[in-house]
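The values are calculated or read from the model by the stated rules, or taken from the named source; none is laboratory data. Values in this document were obtained by computation on a predicted structure and should not be read as measured data. Every residue, glycine as well, gets a Cβ built from its backbone with ideal geometry; the counts of neighbours run over all protein chains shown.
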Amino acid sequence: MPTPTAARPRYRLLALDLDGTLFGPDGRVSAANAAAVARAREAGVTVVICTGRGLAESKGAIGAIDAHRPSRGMSVAPIICAGGAMLCDAASGRTLHRWPMRRELVGRLCEHFRSLGRAPLLLKDRDAAGFDYLVLNYGPIEAPNQWWFEHMPVIVRFADGLEHDEHPEHTVRIGFAADSATMRSLSAGVMERFGRETLVQHYAAVAGTKGSGPHGGKDESIHLMEAFDPQVNKWTALHRLALELGVARDEIAAIGDEINDLQMIEGAALGVAMGNAVDRIKTVARRQTRSNGEDGVAYAIEQMLTGAW
């Protein structure tokens with residue numbers, strides 16, 4: 001027997017992280033999670049993917065929950081990508097707004113990578129630049145980065161130096177993935193030199209970078225480091241979207257598990273931590289749901305729709 005829903009959902013905008021949240025440990029959206037998202041949308045909730053991935057890297061999730069279909073009364077299907085650096089339309093693939101990095105800051109960060117013999121990954125606004133990643137040949141391509149390029153529908157270009165970047169105005173993130181020991185040292189150096197000028201995030205990668213698939217669990221042996229414009233995070237983009245939709249802060253809910261979800265979980269009226277979330281997220285969240293292996297998103301949505309949360 002279907003669970004009764006509240007007459008009018010308390011939360012009109014729901015942001016969902018992907019890896020470790022909407023994705024289960026198998027790297028897929030479960031039938032239970034997909035059905036719960038559909039029920040939320042039928043109840044009038046605008047459900048928005050809010051991910052660290054780029055738009056192309058999110059296509060599987062978009063298809064699984066019909067995120068390319070605009071909600072009632074909307075002409076676009078918004079999705080927040082690249083850790084909040086881009087607000088895109090999943091229906092058309094167009095970028096609605098982006099928060100690019102300053103060219104001068106990009107230059108100094110890339111010079112830091114060059115001095116260490118490391119190849120940084122510059123994430124671009126594909127809608128504007130025509131490709132997803134520019135890799136600077138300052139060192140070998142790390143195995144996790146190569147794996148990602150081979151398994152994701154991304155367009156990658158290579159250049160021997162930043163002076164060959166034809167679209168410097170479209171860089172929204174500088175990233176790098178490597179084994180945990182390498183990344184801890186690299187991240188510490190970036191934080192020390194650029195911590196006041198950028199938002200730097202460092203966390204365990206999704207499992208599968210060794211060849212098993214883009215799973216929703218974490219691989220503690222492989223870490224990511226991402227540097228953004230200092231004003232960029234998932235909440236920045238989510239708050240902008242809410243203002244455009246006329247949704248008040250007390251009508252926003254968000255579900256996540258990792259450190260790049262922190263500001264979103266803190267900013268939303270209802271921040272929900274996954275059962276598998278890192279401790280920092282559990283500490284700031286108002287509620288905790290089940291793990292991503294136990295359809296935690298579906299459980300949280302049920303609590304919202306019934307008015308229990």
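Among the residues of segment 44-66, which ones are part of a loop (DSSP other than H, G, I, E, B) and over 11 Å from the mean Cα position of the chain (by Cα)?
Applying the first criterion (part of a loop (DSSP other than H, G, I, E, B)) to segment 44-66 yields 44-45, 51-55, 65-66.
Residues satisfying the conditions are 44, 45, 65, 66.
When the residues of segment 86-110 are filtered to those that are of a type outside the set (S, T, N, Q) and part of a loop (DSSP other than H, G, I, E, B), the one that is surrounded by the most Cβ atoms within 10 Å (Cβ to Cβ) is 101.
For segment 281-294, a residue qualifies if it is charged (D, E, K, R) and surrounded by 15 or more Cβ atoms within 10 Å (Cβ to Cβ), and the qualifying residues are 282, 287, 290, 294. Within segment 256-296, being within 18 Å of residue 44 (Cβ to Cβ) and not small (Gly, Ala, Ser) holds for one residue alone: 270. Looking only at residues in segment 11-37 that are farther than 16 Å from residue 254 by Cα and among the charged types (D, E, K, R), the one that is surrounded by the fewest Cβ atoms within 10 Å (Cβ to Cβ) is 26. Considering segment 74-85, the residues that are without any contact (Cβ under 8 Å) to a residue 24 or more places away in the chain and of a type in the set (Gly, Ala, Ser) include one that is surrounded by the fewest Cβ atoms within 10 Å (Cβ to Cβ), namely 75. Against the list (1) modelled with pLDDT of 95 or more; (2) over 27 Å from residue 308 (Cα atoms); (3) in contact with a Pro (Cβ under 8 Å, 6 or more places away or on another chain), the condition residue 48 fails is (2).
Considering only segment 22-38, state which residues are in contact with a helix residue (DSSP H, G or I) (Cβ under 6 Å, 6 or more places away or on another chain) and assigned to a helix (DSSP H, G or I). Answer for segment 22-38, where residues must be in contact with a helix residue (DSSP H, G or I) (Cβ under 6 Å, 6 or more places away or on another chain) and assigned to a helix (DSSP H, G or I): 22, 32, 33, 34, 36. Does segment 96-114 include one or more residues that are under 26 Å from residue 33 (Cα atoms) and in contact with a helix residue (DSSP H, G or I) (Cβ under 8 Å, 6 or more places away or on another chain)? There is no residue in segment 96-114 that is under 26 Å from residue 33 (Cα atoms) and in contact with a helix residue (DSSP H, G or I) (Cβ under 8 Å, 6 or more places away or on another chain). Against the test of being at pLDDT 95 or above, among the basic types (Lys, Arg), more than 16 Å from the chain's Cα centre (by Cα) and under 19 Å from residue 253 (Cα atoms), the options 41, 8 yield a single qualifying residue, 41.
Can you work out which of the residues in segment 249-291 that are in a loop (DSSP other than H, G, I, E, B) and free of Cβ contacts under 8 Å to residues at least 24 places away in the same chain is farthest from residue 18 (Cα to Cα)?
Result: 286.
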